[in-house]
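Enquirer: Just dropping this structure here.
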Amino acid sequence: MTKTFHSSGDVIADRRADYARMLAEGGEHEAAADLMMQALELVPDWAAGWDLVGSYHEKAGSLAQAISAWRRLEALDDDGIFGATLKLAAHDAGPAGRGTAIGYVEALFDQYAPQFEASLVGKLDYRVPEILDRMLDEEMTRMAISRFAKAIDLGCGTGLMGQRLRRKVDYLEGVDISAAMIAETARKGIYDRLQKGELVAALNARRADADLVTAADVFIYCGALQPVLAALMPALRPGGLVAFSLEAHDEGEEAIFLRPSLRYAHGVQATRDALVVAGLDVLRFDTAVLRFDRGAPINGILVVARKPPVELTAANDGGEGDGDVAA
Ligand SMILES: C[S@@+](CC[C@H](N)C(=O)[O-])C[C@H]1O[C@@H](n2cnc3c(N)ncnc32)[C@H](O)[C@@H]1O
């Protein structure tokens, strides 16, 4: 799925939009928004045009006008690919909805896929796969796990996490919502199986056969953690591990909020609570800088947790030990 940024279908409107883009690139965002409004007089139902007006107003600091453009966009954006609902929610102008904004995330990464690694690793110092992999290695050593029989890498993207997992997993699966990201990773031949799909739906369709589930920089698009963990638990074998990252916020007690970046940030205590509610044993709960965004460090939470090896019953509730962990 791609966003139709390039043409409004009207030559004059396109010319105005091109000029507006040049103004915006030169930092003249208010003038760019004015010119885009002139383009939209010719093509009032051009969704991508309203998206541009909203972003120019936002960059100019004219939030009320940005919100009014996004409301117009929301009415035109049937598949949700422009993320109008999220943009409104991130500015307290509407509810975000539940779970991943599928159309938006799919379109975002379909568009981003060819530059993803150069941008994230090359420019933004993205470190999540490296940190999660190191934490996993340390836990494997501590628990005397030599290998995992089967692992699922959720939101596998271009395979940066899979590359690191490969040497310790016999059968490695990747799931991603974006066909273009899947195509990038397929070329590398890292995974034994790749599936294009939304991760909660993909997890719901499985039985308990995974010894490891990873999600590097993925749950930040999924909203509340509890429904994701509830879908993940049945896919894990008893004793199986899960390793994932979140962006962290320090806004007091709030469980979760949507940032203007349209990525969710999770609270530290709320994350701990969600792990307990899901029934996971927390092995590691670290915080670290995950990457940079517009020059600012993005702080994150990194978790390694385990599905308990055995069901605790009145009869065997006498101390759990390390149990037979998947290996
Ligand atoms: C920031 S990238 C990270 C990719 C990879 N895990 C890495 O560390 O390089 C996030 C990936 O998660 C995918 N994604 C986000 N939400 C998803 C969902 N609900 N279901 C499946 N894939 C999702 C995106 O398409 C994208 O490829």
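What follows is calculated from the coordinates using simple rules that are stated; it is not laboratory data. Not measured: the values here are computed from a predicted model. Positions of Cβ are backbone-derived with ideal geometry, glycine not excepted, and every protein chain shown enters the neighbour counts.
Enquirer: Is it possible to state the helix-based mean residue ellipticity at 222 nm for the chain, with each DSSP H run of 4+ residues giving -39500 (n - 2.57), the sum divided by total residues, to the nearest 500 deg cm²/dmol? What is it?
Expert: -12000 deg cm²/dmol
Enquirer: If one takes the longest principal axis of the Cα atoms in the chain, at what angle in degrees, from 0 to 90 and to the nearest 10, does the Cα axis of helix 268-278 lie?
Expert: Tilt relative to the chain: about 60 degrees.
Enquirer: While we're looking at this one, here's another question. Roughly how many debye, to the nearest 20, is the charge dipole of the chain about its Cα centre, given +1 on each Lys and Arg Cβ, -1 on each Asp and Glu Cβ, and no other charges? It would help to have the intermediate numbers written out before the result.
Expert: On the way: 34 positive and 49 negative charges, 159 e Å.
Roughly 760 debye, rounded to the nearest 20.
Enquirer: Just to check, using Stokes-Einstein with a Kirkwood Rh over alpha carbon pairs, what's the diffusion coefficient of the chain at 20 °C and 1.002 mPa s in µm²/s?
Expert: After rounding, the answer is 101 µm²/s.
Enquirer: Any chance you could give the angle, 0 to 90 degrees and rounded to 10, that helix 63-76 forms with the longest Cα principal axis of the chain?
Expert: Approximately 80 degrees, to the nearest 10.
Enquirer: In addition: When only DSSP loop residues count, what trypsin sites (Lys or Arg not before Pro) in the stretch 227-304 have their Cβ near at most 13 other Cβ atoms within 10 Å?
Expert: Passing both the DSSP loop test and the Cβ count: Arg294.
Enquirer: Of the trypsin sites (Lys or Arg not before Pro) in the stretch 59-106, which ones lie in a loop per DSSP and count no more than 11 other C-beta atoms within 10 Å?
Expert: Arg98
Enquirer: Also: Put +1 on the Cβ of every Lys and Arg and -1 on every Asp and Glu Cβ in the chain; which of Leu280, Ala32, Met143 then has its Cα farthest towards the positive end of the dipole?
Expert: Met143
Enquirer: In debye, nearest 20: dipole of the stretch 77-185 around its Cα centre with unit charges on the Cβ of K, R (+) and D, E (-)?
Expert: Charge dipole, the stretch 77-185, about its Cα centre: 520 debye, nearest 20.
Enquirer: Quick one: work out the % antiparallel among DSSP beta bridges in the chain, nearest 5. Each step should come with its number before you reach the end.
Expert: Working: 21 of 41 bridges.
Expressed as a percentage, antiparallel bridges in the chain total about 50.
Enquirer: Another one. Is there a quick way to get the dipole size of the stretch 117-306? I mean about its Cα centre, with the Cβ of Lys and Arg at +1 and of Asp and Glu at -1; what is the value in debye to the nearest 20?
Expert: The dipole magnitude comes to about 600 debye.
Enquirer: Can I ask one more? Roughly how tilted is helix 29-42, in degrees to the nearest 10 and between 0 and 90, from the longest Cα axis of the chain?
Expert: Taking the Cα atoms of the chain, the angle to 29-42 is about 70 degrees.
Enquirer: A further question follows. State whether the stretch 117-306 is rounded, prolate or oblate according to the following rule on the C-alpha gyration tensor (a ≥ b ≥ c being the square roots of its eigenvalues): a/c under 1.5 gives rounded; otherwise a/b larger than b/c gives prolate, and the remaining case gives oblate.
Expert: Rounded is the answer for the stretch 117-306, as its axis ratio a/c remains below 1.5.
Enquirer: Further, regarding this structure: Under a Cβ-Cβ cut-off of 14 Å, what is the net charge of the residues other than Leu203 that fall near it, where Lys and Arg count +1 and Asp and Glu count -1?
Expert: Summing Lys/Arg as +1 and Asp/Glu as -1 gives 0.
Enquirer: Let me ask something else about it. Counting only pairs 8 or more residues apart or on different chains, how many lysine pairs in the chain have their Cα atoms under 21 Å apart?
Expert: Lysine pairs satisfying the spacing and distance rule in the chain number 11.
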